[in-house]
Amino acid sequence: MRLLMIGAPGAGKGTQAVRVAEHFGVTHISSGDLLRDHVRRETNIGRNAKEYIERGDLVPDGVVLDMLRKPVVAANEAGGYVLDGFPRTVAQAEVAYGTARDLGVSVQVACYLDVDRDTLISRMLARARGVEDTREVIERRLDVYNEQTVPLIEYYRERERLVTVGGDSPIEQVTWSLLVQIDLARKAIDKRSAAGTL
């Protein structure tokens with residue numbers, strides 16, 4: 001099972017990705033956690049990414065793709081993955097799809113957590129960790145998300161790979177809704193695959 005979690009900063013992608021990964025026995029891969037680890041360790045990737053992260057901008061595609069290639073392939077070999085935080089644009093999705101298809105690790109289902117902006121801001125201010133979590137940077141991150149990431153929702157919907165769940169509900173309820181929708185999507189994909197229409 002290969003899943004992608006989509007949602008604005010503060011939507012609960014990380015929490016739900018961990019829970020869904022545990023349910024299906026697959027690997028949770030967080031692009032944000034990987035980037036922060038590279039920044040902490042001051043690797044080449046980390047040094048390239050740091051200035052973008054601190055401004056609230058998206059890290060360049062090539063940097064993130066280079067960082068994710070090995071973890072995604074390894075996770076697929078171990079049974080699958082839940083990818084959290086990438087791709088964030090349609091252009092990234094198209095490049096990532098081409099690369100992943102060639103490697104046999106492309107996303108099967110995209111899960112969108114829908115949460116309103118005021119709730120997102122409140123959540124992120126409550127968990128502020130440092131310079132990247134001021135209100136100004138949070139507002140900027142949400143503006144970038146609306147401009148660049150929201151079109152992904154339609155991209156995956158057109159590919160019949162999207163499930164949508166409201167992320168405002170209690171954590172357990174969101175997880176249950178996701179699992180139900182993912183199971184339905186898996187059955188539909190299996191049916192199309194058996195019919196040779198994928």
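The values are calculated or read from the model by the stated rules, or taken from the named source; none is laboratory data. Note that the coordinates shown come from a computational prediction; the quantities given were computed from them, not determined experimentally. Cβ sites come from the backbone with ideal geometry, for glycine too, and all protein chains shown count toward neighbours.
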Just to be sure, is Arg123 under 23 Å from Gly32 (Cβ atoms) and either under 19 Å from the mean Cα position of the chain (by Cα) or among the hydrophobic types (A, V, I, L, M, F, W, C) (or both)? yes
Checked against (1) acidic (Asp, Glu); (2) over 24 Å from Val165 (Cβ atoms); (3) surrounded by 14 or more Cβ atoms within 10 Å (Cβ to Cβ), Glu136 satisfies every condition except (3)
Restricted to the range 18-56 and to residues being more than 18 Å from Ala75 (Cα to Cα), surrounded by fewer than 13 Cβ atoms within 10 Å (Cβ to Cβ) and acidic (Asp, Glu), the residue farthest from the chain's Cα centre (by Cα) is Glu42
Within the range 1-23, the count of residues that are assigned to a helix (DSSP H, G or I) and closer than 23 Å to Gln148 by Cα comes to 5
Of the residues in the range 177-194, those that are among the basic types (Lys, Arg) and touching a residue at least 60 places away in the same chain (Cβ under 8 Å) number 1
If we keep only residues of the range 158-181 that are in a helix (DSSP H, G or I) and touching a helix residue (DSSP H, G or I) at 6+ places or on another chain (Cβ under 7 Å), then the residue nearest to Met5 (Cα to Cα) is Leu178
In the range 24-43, anything among the small types (Gly, Ala, Ser) and assigned to a helix (DSSP H, G or I) is listed as Ser31, Gly32
Practice problem: Please work out if Gly196 is at pLDDT below 90 and surrounded by fewer than 18 Cβ atoms within 10 Å (Cβ to Cβ). | Solution: yes
